[in-house]
Structures are given as C-alpha cells and as structure tokens.
Amino acid sequence: MHEWMGDNGHTPHVVIDAAADGVTVPTGHVKDGKIILNISHSAAHNLKLTNSGVSFRARFSGVPFDVWVPTSSVMGIYAKETGQGMIFSHGTEQPEPPDGSESTEGSKGARAHLTVVK
C-alpha cells in the first residue's frame, strides 16, 4: 500500500495505537490514544517497513525523533489526499469466523446453489 500510494503521488499516513506495547512516538502528538504519522519518503527519513514494525526518523514541531511502531500497533493506512486506504482489525472485538460445524435453521439438507461451468 505504501509503495502504491507513493507511486501514484499520494502521501501515505498510518494510524497507530500509541498505547500498544513497544510503541515509541512523541507523546505530545498523541490524541485519543492514537497518532497519525506521515510515512512518505520526504517526511520519514531512513524509513524501514518490515514484518516486525515501522521505523524512521522525523521532525515533530522541529525536533528530530526516532519512531518505532510494532506492526501490531498499526491500525490502518490511508492516502492523505483521498482518504482511501485500509483499516486493520485488532483485538477481541471481532467475531470468531464460523468453523462450519454449526448449522443454521433452513440450511439442513440444503444443497449448494453453485454449479460447475465448463
């Protein structure tokens, strides 16, 4: 997503859960437990996007700061210009996916309505 946004001339921003373990962000810029970070190459120097987290050096109110956010704290990414992006689900608020062992009323003995097309 980050690369695609940059290639299309958009500015990628990430929403971070600032209260998550391991997050290192300037606390003065945290609002409602979250911080929005501009991770464009022009704003985030020495940007590293890995499976374990996001790190970079940026200026906040003119003061340089080394940012580290674990991947698990990233709540979403979006393009500043359009507001389009992705929100990632976290926590136990999400319902468990069905495992197929439960049957619902009306589905007993029902056949699949899909057919093979050759």
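The table for this structure:
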item	result
Under the Karplus curve 6.51 cos²θ - 1.76 cosθ + 1.60, θ = phi - 60°, whole-Hz ³J(HN,Hα) for the range 79-84, x wherever Gly or Pro sits	8, 4, 5, 10, x, 8
Cα gyration tensor, the range 2-83 - rounded (a/c under 1.5), prolate or oblate	rounded
Protection proxy ranking, peptides 42-54, 68-80, average beta carbon neighbours within 10 Å, highest first	68-80, 42-54
Residue-span extension gain [HIS29 to ALA43] - 0.36 nm each, minus C-alpha spacing	3.5 nm
Cut-off under 5 Å, modelled amide H: who pairs with GLY76 long-range	VAL15, PHE88
Long-range HN-HN contacts of VAL23 with modeled amide H, under 5 Å	none
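Taken together, the values in this text are just the output of simple stated rules run on the coordinates, not laboratory data. Note that the coordinates shown come from a computational prediction; the quantities given were computed from them, not determined experimentally. Reconstructed Cβ throughout: ideal geometry from the backbone, glycine too, with neighbour counts over all protein chains shown.
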